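The values are calculated or read from the model by the stated rules, or taken from the named source; none is laboratory data. For clarity, every value in this text was computed on a predicted model and none was experimentally measured. Cβ placement follows ideal geometry from the backbone for every residue including glycine, while neighbour counts extend to all protein chains displayed.
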Amino acid sequence: MQPDSLFYSAMKKPIIILLLGLFSPQLFAQSLQERYRRHIEYLASDDMQGRAAATRYDTLSVAYILAELATIDGLTLLGDGGMQVVPYRARVSREDTTRVPKTTFNVVGLIEAGDPQYRNRTLIMGAHYDHLGVRPVEGVPQIFNGADDNASGTAFIIESARDLAQQRDKLKANVIVILFGGEEAGLVGSRHYANNPLRPIEEVKAMLNFDMLGRMTANGITVRGVGSAKEAFELYGGLKNPDKIDLIFEMRGNGPTDYASFYRVGVPAFSYSTRQHSDYHRHTDTVEKINYEGMEMARNYIWQMVEILAFSNKELRFKDVMD
């Protein structure tokens, strides 16, 4: 079965159902934390079976994300109705290294700057939506829900898109939001987009990635990729930190998440995380452990950089990092 027919046959009905529910007045009355919670509780529920790439739960995740983005006035879905098909080859299993063709998807939306003079520059904001699926733990199949990794980052992107679209008349760059498939399979979605962009990669001023924002502990945030832009330390040094967040800055551009795919094609790229924890890549990364106050605290810090890159003419110069 071709990827497009697989997608539409699997998800036409879920998209319609989700759209009918999401246009309710209650959506717009929810607080930011409540909206984060709604996304995470859906994506990281047992019903979604861990959102492994190239499964029906992968496509159902895409259906949910598309339905959410469709509620955002001022956001245009790119690609094929918001989808970019991502073909890749994956091992049959840990034991069988034979590689077989598989398909996942990126979900891509565009928020154009209100003033046409600013539409030749683009900020990309992204997060992966997939996780590890169902795997044996001590011989017993367990769902790896991936609440923090990375339903939290997915929720952040959806709500960031909503906020930015409401301010599109003030934008001084276009904003493209991307929810990547197949990160856990080797950054396949982000690598595919970086090499096959839906808008010219030369227009991208920076890429901001969000991977695991839901487990703020000890007020800590790690920012990766700071070495990828010559102006980065000056910019981060000027950000306010009223919550006294413990900040760790990593220089490397080739880190283990999706920002690295953009660094490799010459785009300044930063990735944000509230850091690893004992539930990382375990079946215990579940919804009830998400720190929603911490997510909002992280957002308050991160949003300062979003404002610099989206609402000002500030340009970054790419810098090659010794990894």
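So here's what we get for this one:
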{"item": "Residue under evaluation Arg317, criteria (1) under 20 Å from the mean Cα position of the chain (by Cα); (2) of a type outside the set (Asp, Glu); (3) closer than 27 Å to Gly114 by Cβ, criterion not met", "result": "(1)"}
{"item": "Those residues of the range 175-189 which are of a type outside the set (A, V, I, L, M), on the phi < 0 side of the Ramachandran plot and either surrounded by fewer than 23 Cβ atoms within 10 Å (Cβ to Cβ) or in a helix (DSSP H, G or I) (or both), in sequence order", "result": "Glu183, Glu184, Gly189"}
{"item": "Count of residues meeting criterion [more than 18 Å from His192 (Cβ to Cβ) and either crowded, with 18+ Cβ neighbours inside 10 Å or touching a strand residue (DSSP E or B) at 6+ places or on another chain (Cβ under 7 Å) (or both)] in the range 99-117", "result": "3"}
{"item": "Residue match in the range 142-159 (condition: surrounded by fewer than 24 Cβ atoms within 10 Å (Cβ to Cβ), under 22 Å from Gly255 (Cβ atoms), of a type in the set (Gly, Ala, Ser) and in contact with a strand residue (DSSP E or B) (Cβ under 8 Å, 6 or more places away or on another chain))", "result": "no"}
{"item": "Extreme residue, surrounded by the most Cβ atoms within 10 Å (Cβ to Cβ), among residues of the range 199-254 that are among the basic types (Lys, Arg) and within 17 Å of the chain's Cα centre (by Cα)", "result": "Arg224"}
{"item": "Meets criteria (touching a strand residue (DSSP E or B) at 6+ places or on another chain (Cβ under 6 Å), among the hydroxyl-bearing types (Ser, Thr, Tyr) and more than 21 Å from Asn313 (Cβ to Cβ)) for Thr222", "result": "yes"}
{"item": "Neighbours by Cβ (under 8 Å, 6+ apart or cross-chain): first from the range 76-97, more than 15 Å from Ala185 (Cα to Cα); second in a strand (DSSP E or B) and small (Gly, Ala, Ser)", "result": "Thr76/Gly109; Leu77/Gly109; Leu78/Gly109; Gly82/Gly109"}
{"item": "Residue satisfying all of: in the range 266-296; hydroxyl-bearing (Ser, Thr, Tyr) and surrounded by 21 or more Cβ atoms within 10 Å (Cβ to Cβ); farthest from Glu41 (Cα to Cα) among these", "result": "Ser271"}
{"item": "Residue match in the range 275-297 (condition: in contact with a Ser or Thr (Cβ under 8 Å, 6 or more places away or on another chain), of a type in the set (Val, Ile, Thr), modelled with pLDDT of 95 or more and part of a helix (DSSP H, G or I))", "result": "yes"}
{"item": "Matching option when the condition is at pLDDT 95 or above, crowded, with 19+ Cβ neighbours inside 10 Å, under 25 Å from Leu60 (Cβ atoms) and among the basic types (Lys, Arg), among Arg135, Arg162", "result": "Arg162"}
{"item": "Arg135, sole failed condition from (1) over 27 Å from Glu34 (Cα atoms); (2) charged (D, E, K, R); (3) free of Cβ contacts under 8 Å to residues at least 60 places away in the same chain", "result": "(3)"}
{"item": "Every residue from the range 90-129 that is under 17 Å from Pro200 (Cα atoms), assigned to a strand (DSSP E or B) and in contact with an Asp or Glu (Cβ under 8 Å, 6 or more places away or on another chain)", "result": "Thr122, Gly126"}
